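Take a look at the structure set out below.
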Amino acid sequence: MKSHKHRQLKRNPIVRFIRGIFRLARVLFSPKQRNSRALHDERQEREERQERLAAELARQQELARQLELERRERERLITVGALFDRVKWQVPELTILQEQGSDRIPVGRPHDVSRN
């Protein structure tokens, strides 16, 4: 093709329109090109996110360990119910003897002052 014909085709409105459509399609449907700065930012963001997740995991593990220690400490402490179970309850002797039989020991009566 001679340069004159080539120039004429380039200047033709229909050819220019079709080329414009192809150029637009190429721009719209081509994969995005990432520059090195964007890749670096994404990598840095990903590393920061991983560091935050690792710190959060370490904090949760520390909290779980503290809760376990507290639970073990609470298990070592004695409860009121267990303390009451250890007490050997005794009833006063007077009531024990009264239940066995009232003929052995007379029941103490309060002094009646009205009969004086």
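Observations on the model:
- Solvent-accessible area per residue, Å², over the stretch 35-85 with all protein chains present [probe radius 1.4 Å]: 95
- Applying the Karplus relation 6.51 cos²θ - 1.76 cosθ + 1.60 with θ = phi - 60° to the stretch 72-82 yields 3J(HN,Hα) values of 5, 5, 5, 5, 6, 6, 8, 8, 5, x, 5 Hz, where x marks Gly and Pro.
- Among 16-23, 27-34, sorting by the average number of other beta carbon atoms lying within 10 angstrom of each residue, highest first, gives 16-23, 27-34.
- Debye log10 I(q)/I(0) for the stretch 1-87, one point scatterer per Cα, at q = 0.19 Å⁻¹: -0.97
- Each residue, ILE78 and ILE21, gets one label point 7 Å from its Cα in the Cβ direction; the gap between the two is 9.5 nm.
- Stokes-Einstein diffusion coefficient of the stretch 35-85, Kirkwood radius over Cα pairs, 20 °C, 1.002 mPa s, in µm²/s: 147
The values are calculated or read from the model by the stated rules, or taken from the named source; none is laboratory data. Note that the coordinates shown come from a computational prediction; the quantities given were computed from them, not determined experimentally. Heads up, the Cβs are rebuilt from the backbone with ideal geometry, glycines too, and the neighbour counts pull from every protein chain shown. Heads up: the accessible areas ignore ligands, DNA and RNA and are worked out on the full protein's heavy atoms, side chains in. Shrake-Rupley method; radii C 1.70, N 1.55, O 1.52, S 1.80 Å.
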